[in-house]
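Engineer: So that we are looking at the same thing, I have put the structure below in structure tokens.
The values are calculated or read from the model by the stated rules, or taken from the named source; none is laboratory data. Everything numeric in this text was worked out from a predicted model, so none of it was measured. With ideal geometry, Cβ positions are generated from the backbone for all residues, glycine too; neighbour counts draw on all protein chains shown. Areas reflect the complete protein model, heavy atoms only, side chains present, ligands, DNA and RNA absent. Shrake-Rupley method; radii C 1.70, N 1.55, O 1.52, S 1.80 Å.
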Amino acid sequence: MLSTAALRAHLLAARLAGPVATSREESLRRYRLFAARDPRVLLGLEPEYDWSFMELLGLMSEKCGVSADPANVSGPDVIDPELTIAALDAFADRLRGAARDRLPVLLGTGHPHRLLGFYAALASALSAAGCRVLTPARGRCIDITTRFGVRTHQLTYVRGVAMVRAPGARPTASEPGAHSHSPLPVRVALGCAAASGGPLPGLVIGDHGWVCGAGQLGFEAIGPGDTDDPALFVGEAEGRVSVAVPLDDGVRSGYYRPITRYVLNRACLSQ
């Protein structure tokens with residue numbers, strides 16, 4: 001099993017924690033947008049509390065380790081690796097509980113080019129433990145607002161993990177699906193599961209809109225979030241996201257493999 005010390009060293013070396021690629025400017029910009037309730041950064045969450053910019057900055061300092069000083073406005077943002085490890089432990093505990101209770105699970109990502117391998121390994125391990133990995137609404141078309149306007153995407157599943165891609169797009173190993181922050185895919189998936197009378201997930205695992213959208217609908221949801229994703233950490237603070245793991249969600253896909261091993265070992269799900 002990967003030791004905590006080895007995991008910490010890897011987090012820092014791969015820039016999953018410590019100084020990360022996300023800029024301080026981008027994080028602060030998105031905190032201001034969240035405070036203004038811009039739907040682009042709410043990720044499907046409807047905050048119960050009117051979070052001010054300074055309150056968000058304080059929350060993100062507590063949850064991620066970013067500087068709480070509003071005068072610090074440039075350079076790379078920072079994630080405290082100790083907070084990442086503590087959240088990974090809590091994440092693994094929820095996986096262990098889901099496996100013990102054989103809960104149906106739904107996995108989805110808006111970062112398929114980076115995080116597909118991580119989620120696919122979780123899907124495989126949970127399936128082997130007796131959990132049903134759900135794939136509702138496969139092939140459904142969804143109109144998603146992007147920076148280029150409204151574009152139609154198709155909900156698809158790769159190795160048990162949901163994602164969206166443009167109809168007719170040819171997936172590759174490095175680009176299996178489209179990057180998306182939208183909560184619409186998880187809403188469609190959960191709506192189709194309910195309408196068909198099929199099982200509903202006891203746990204949703206993912207990022208961006210998959211976590212916040214599911215949590216907002218009352219489903220237990222866990223997943224990683226970057227320093228510019230305040231919605232996940234607000235959701236955790238308000239009780240609609242069970243575990244938000246602070247880490248950079250845009251590094252090379254191979255850098256997540258040690259995290260995968262650590263989580264599966266701690267959850268007693270290693271295959």
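Engineer: With respect to ASP77, determine if the residue is crowded, with 21+ Cβ neighbours inside 10 Å and charged (D, E, K, R).
Structural biologist: yes
Engineer: So, in segment 1-22, of the ones that are in contact with a Lys or Arg (Cβ under 9 Å, 6 or more places away or on another chain) and farther than 15 Å from GLU82 by Cβ, which residue ends up surrounded by the fewest Cβ atoms within 10 Å (Cβ to Cβ)?
Structural biologist: Result: MET1.
Engineer: Exactly one condition in (1) touching a Leu at 6+ places or on another chain (Cβ under 7 Å); (2) open to solvent by less than 50 Å² (accessible area, probe 1.4 Å); (3) outside any loop (DSSP other than H, G, I, E, B) is not met by ASP249; state its number.
Structural biologist: (3)
Engineer: Shifting gears a bit: Could you check segment 65-74 and list, in sequence order, the residues that are open to solvent by 10 Å² or more (accessible area, probe 1.4 Å) and either in contact with a helix residue (DSSP H, G or I) (Cβ under 9 Å, 6 or more places away or on another chain) or touching a residue at least 24 places away in the same chain (Cβ under 8 Å) (or both)?
Structural biologist: GLY65, SER67, ALA68, ASP69, PRO70, ASN72, VAL73, SER74
Engineer: Right, next: Quick one: which of VAL251, VAL204 is in contact with a helix residue (DSSP H, G or I) (Cβ under 8 Å, 6 or more places away or on another chain) and closer than 25 Å to ARG15 by Cα?
Structural biologist: Of the residues listed, the single one that is in contact with a helix residue (DSSP H, G or I) (Cβ under 8 Å, 6 or more places away or on another chain) and closer than 25 Å to ARG15 by Cα is VAL251.
Engineer: Is at least one residue of segment 25-38 over 22 Å from GLY215 (Cα atoms), open to solvent by 50 Å² or more (accessible area, probe 1.4 Å) and among the hydrophobic types (A, V, I, L, M, F, W, C)?
Structural biologist: no
Engineer: Condition first: out of contact with any Asp or Glu (no Cβ under 9 Å at 6 or more places or on another chain) and at positive phi. Now tell me which residues in segment 2-45 satisfy that.
Structural biologist: Result: GLY44, single match.
Engineer: For LEU59, are the conditions met, namely being out of contact with any Cys (no Cβ under 7 Å at 6 or more places or on another chain), at pLDDT 95 or above, buried (at least 19 other Cβ atoms within 10 Å of the Cβ) and among the hydrophobic types (A, V, I, L, M, F, W, C)?
Structural biologist: Spelling it out, LEU59 is indeed out of contact with any Cys (no Cβ under 7 Å at 6 or more places or on another chain), at pLDDT 95 or above, buried (at least 19 other Cβ atoms within 10 Å of the Cβ) and among the hydrophobic types (A, V, I, L, M, F, W, C).
Engineer: Related question: Across segment 207-228, what is the number of residues that are more than 20 Å from GLY160 (Cβ to Cβ), touching a helix residue (DSSP H, G or I) at 6+ places or on another chain (Cβ under 7 Å) and assigned to a loop (DSSP other than H, G, I, E, B)?
Structural biologist: Summing the residues that are more than 20 Å from GLY160 (Cβ to Cβ), touching a helix residue (DSSP H, G or I) at 6+ places or on another chain (Cβ under 7 Å) and assigned to a loop (DSSP other than H, G, I, E, B) in segment 207-228 gives 3.
Engineer: Which of the helices (runs of 4 or more DSSP H) contained wholly in segment 1-85 include at least 1 residues that are within 30 Å of ARG261 (Cβ to Cβ)?
Structural biologist: 4-13, 24-35, 53-64
Engineer: Can you go through ARG240, ARG257, ARG261 and tell me which one is part of a loop (DSSP other than H, G, I, E, B) and among the basic types (Lys, Arg)? Before you say what the answer is, go through the steps one by one.
Structural biologist: Details: ARG257 fails: part of a loop (DSSP other than H, G, I, E, B); ARG261 fails: part of a loop (DSSP other than H, G, I, E, B).
Checking each option against the conditions leaves just ARG240.
Engineer: Working only within segment 130-166, note down all residues that are surrounded by fewer than 16 Cβ atoms within 10 Å (Cβ to Cβ) and closer than 21 Å to ARG114 by Cα.
Structural biologist: Residues satisfying the conditions are THR146, ARG147, ARG159, ALA166.
Engineer: All but one of (1) farther than 30 Å from LEU122 by Cβ; (2) open to solvent by less than 10 Å² (accessible area, probe 1.4 Å) hold for VAL41; which doesn't?
Structural biologist: (1)
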